[in-house]
Amino acid sequence: MAPDVQLEKEQRMGFFQTILVALVFLPLLMVASHNFLQNFTAAVPRHWCYIPVGDNATTEVTGDLLKIYVPMDGNQEPDRCLRFSTPQWQLLAPNGTSTNATEPCLDGWAYDRSVFNSTIITEWNLVCGQRALKDFAQSMYMVGVLLGAPVLGGLADRLGRRALLLWSLLQMGVMGTSAAFAPNLAAYCAFRFFSGMSTAGFILNGTSLSEWGAGMGGLTLGQLLLAGLAYAIRDWRQLQLASSVPFFLFFLYSWWIPESAHWLIINHRPEKALRNLQRVAQINGEKPEGEGISLEVWGTGYTTLSPFEPPLTSVLPIPSDRFSNSFSFFHLALDLQRFEGISIFLVQLIFGAVDVPFRMVVAVVANRLGRRLTQAACLVLGGLFILASVPVPQDMEVLLITLTVLGKGLFSSSASCSYLYTTELYPTVIRQTGLGVTFMMARLGAVAAPMVQMTQAFVSFLPLLLFGAVPITAGILVNCLPETLGVPLADTMKQVEDRIGRLDFESIFLAHINMTVFYSVYLTFLHIH
């Protein structure tokens with residue numbers, strides 16, 4: 001039996017693959033929780049200047065008396081960042097008006113704790129002049145994912161997928177738990193940074209080990225789990241802890257997961273690959289067939305692999321695709337509080353639930369119409385839904401939420417398809433390095449999204465135009481990629497190039513570079529201004 005035939009046969013869904021899917025599914029649930037955790041741990045409650053009264057200044061002014069000390073806005077809500085320099089007793093009289101100047105909240109802030117008992121906002125007063133530190137904390141997590149992708153992806157090509165999977169799970173447990181006990185914001189950001197690195201390592205290596213049948217559905221259902229956890233646990237430290245401790249259990253049982261057979265063969269370890277294949281066959285009740293696999297078939301075709309020849313021009317559009325998808329997806333998914341009239345827990349539940357049918361549909365479509373068409377359609381349609389929301393008035397909340405949900409569902413489907421598509425496009429010799437680079441570009445998109453949102457201060461509709469136009473452009477570029485449906489996984493760069501030898505590599509390269517240069521120049525402009 002030929003090597004490719006043996007690998008394909010042992011990767012078909014059986015009892016072994018079912019167990020593996022279940023084992024990888026559980027940590028994927030919690031990884032999704034960490035991706036969106038700051039929607040709740042960094043939620044910004046209603047707040048106003050703390051006004052101490054009494055002999056020991058330990059009693060807080062509340063209720064109607066608050067307007068004597070704090071200015072009210074047009075909705076009769078306390079100003080969030082200012083207080084009167086002196087009490088305005090005349091405001092207790094009918095039609096009374098203030099006369100004195102205001103000043104910053106010198107004694108700190110009081111918070112509405114009706115929804116959350118505590119968040120990192122209330123813990124470290126990340127409001128008013130310090131409000132940018134909230135986005136900084138989320139950015140540190142994303143930067144960790146950004147750097148973890150190439151670092152852990154490259155190490156996995158050298159040390160193996162399984163070793164880096166185990167390390168990532170342990171690091172996530174340690175760093176996530178440490179973040180729950182962080183004494184200050186600096187320590188919290190550092191622990192979140194390393195949690196982000198381990199998130200990248202787990203997703204990359206979990207995706208690669210899908211050669212053994214692992215699935216990505218946990219990333220979708222994890223958003224639903226987060227909504228339930230956050231609803232039940234309103235203290236940010238306890239929520240952080242509940243989302244991190246399970247990774248120690250995942251680390252312990254993941255020692256059972258075998259190394260990728262493709263990686264073992266490429267790295268001249270056919271004996272180990274043979275034992276793994278026979279183990280899979282035995283668990284699947286096919287022991288005689290497993291015993292029929294011999295080492296002789298691994299003797300040729302798998303020992304002279306090189307990742308350096310010919311050049312990696314065949315997969316250049318992939319980074320633009322991943323950047324654009326995350327760029328628009330995280331814009332939609334990480335700002336739940338913009339829907340002020342709806343419970344944040346309900347919004348998270350809706351945003352998570354919509355991914356389930358979308359990902360189910362895209363799984364069917366990708367296996368019928370192909371990966372390339374599915375990926376392009378999700379990006380283009382998602383961008384069109386964002387553009388369609390530009391002229392919609394803010395008071396039409398139902399229509400706005402509908403367009404947002406549809407756009408997020410399509411970008412989520414695009415991400416699901418992209419994990420599969422990217423894995424199939426890169427050959428085994430550089431698969432983890434390639435996945436690391438594309439994953440890094442995806443997280444660069446996630447980091448860029450809040451920066452682009454800042455342009456709303458200059459032109460209100462400009463961010464939405466960019467969040468819509470960028471994925472549409474990337475969807476068009478996806479058509480430069482080859483189709484991988486029904487094609488065996490490539491092991492060498494030569495195999496990849498042979499499949500798509502007629503493509504105009506120079507045109508693909510220039511299109512990708514032009515797109516990347518545009519993003520870089522635009523983001524530099526934002527930073528300067």
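Out of the stretch 323-352, which residues are surrounded by fewer than 17 Cβ atoms within 10 Å (Cβ to Cβ) and in a helix (DSSP H, G or I)?
Selection gives GLN337, ARG338, LEU346.
Quick test for you: out of THR122, THR177, pick the one residue that is among the hydroxyl-bearing types (Ser, Thr, Tyr), out of contact with any helix residue (DSSP H, G or I) (no Cβ under 7 Å at 6 or more places or on another chain) and buried (at least 17 other Cβ atoms within 10 Å of the Cβ).
Values: THR177 fails: out of contact with any helix residue (DSSP H, G or I) (no Cβ under 7 Å at 6 or more places or on another chain).
It is THR122.
Taking the options VAL429, VAL405, name whichever one is over 20 Å from LEU489 (Cβ atoms), assigned to a helix (DSSP H, G or I) and open to solvent by 10 Å² or more (accessible area, probe 1.4 Å).
VAL405
Six or more apart or on different chains, Cβ atoms under 8 Å: show the pairs whose first residue is in the stretch 478-490 and under 13 Å from ARG368 (Cα atoms) and touching a residue at least 60 places away in the same chain (Cβ under 8 Å) and whose second is surrounded by 13 or more Cβ atoms within 10 Å (Cβ to Cβ) and acidic (Asp, Glu).
Partner pairs satisfying both residue conditions: THR484/GLU424.
Out of the residues in the stretch 378-395 that are touching a Leu at 6+ places or on another chain (Cβ under 8 Å) and outside any helix (DSSP H, G or I), which is most open to solvent (accessible area, probe 1.4 Å)?
Checked the stretch 378-395; the qualifying residue most open to solvent (accessible area, probe 1.4 Å) is GLN394.
Determine if the stretch 364-371 includes at least one residue that is in a helix (DSSP H, G or I), within 28 Å of MET140 (Cα to Cα), touching a residue at least 60 places away in the same chain (Cβ under 8 Å) and among the polar types (S, T, N, Q). I'd like the intermediate steps shown before the answer.
Pass one, the stretch 364-371, residues in a helix (DSSP H, G or I): 364-368, 371.
With the extra rule that they be within 28 Å of MET140 (Cα to Cα), the set shrinks to none.
Within the stretch 364-371, not a single residue is in a helix (DSSP H, G or I), within 28 Å of MET140 (Cα to Cα), touching a residue at least 60 places away in the same chain (Cβ under 8 Å) and among the polar types (S, T, N, Q).
If I ask for residues that are surrounded by fewer than 18 Cβ atoms within 10 Å (Cβ to Cβ) and in contact (Cβ under 8 Å) with a residue 40 or more places away in the chain, which ones from the stretch 232-244 would you list?
Passing the criteria: ARG234, ASP235, GLN238, LEU241.
Residue check, SER208 against (1) part of a helix (DSSP H, G or I); (2) open to solvent by less than 50 Å² (accessible area, probe 1.4 Å); (3) modelled with pLDDT of 70 or more, all met but one. Which one?
That leaves (3) as the condition not met.
Which one of GLY468, GLY445, GLY436 is open to solvent by less than 50 Å² (accessible area, probe 1.4 Å), at pLDDT 80 or above, over 18 Å from THR220 (Cβ atoms) and within 16 Å of the chain's Cα centre (by Cα)?
It is GLY445.
Which one of the conditions (1) aliphatic (A, V, I, L, M); (2) open to solvent by 10 Å² or more (accessible area, probe 1.4 Å); (3) closer than 18 Å to VAL380 by Cβ does ALA474 fail to meet, given that it meets all the rest?
Just one mismatch for ALA474, condition (2).
Of the residues MET360, MET440, only one is out of contact with any helix residue (DSSP H, G or I) (no Cβ under 8 Å at 6 or more places or on another chain) and closer than 25 Å to THR199 by Cα; which? It would help to see each step written out before you state the result.
Values: MET440 fails: out of contact with any helix residue (DSSP H, G or I) (no Cβ under 8 Å at 6 or more places or on another chain).
One residue alone meets the criteria, MET360.
In the stretch 245-271, what residues are over 26 Å from VAL31 (Cα atoms), exposed (fewer than 15 other Cβ atoms within 10 Å of the Cβ) and at pLDDT 70 or above?
GLU271
The values are calculated or read from the model by the stated rules, or taken from the named source; none is laboratory data. What you see is a predicted model; the values in this text were computed from it and never measured. Reconstructed Cβ throughout: ideal geometry from the backbone, glycine too, with neighbour counts over all protein chains shown. SASA here: full protein model, heavy atoms, side chains in, ligands and nucleic acids out. Shrake-Rupley method; radii C 1.70, N 1.55, O 1.52, S 1.80 Å.
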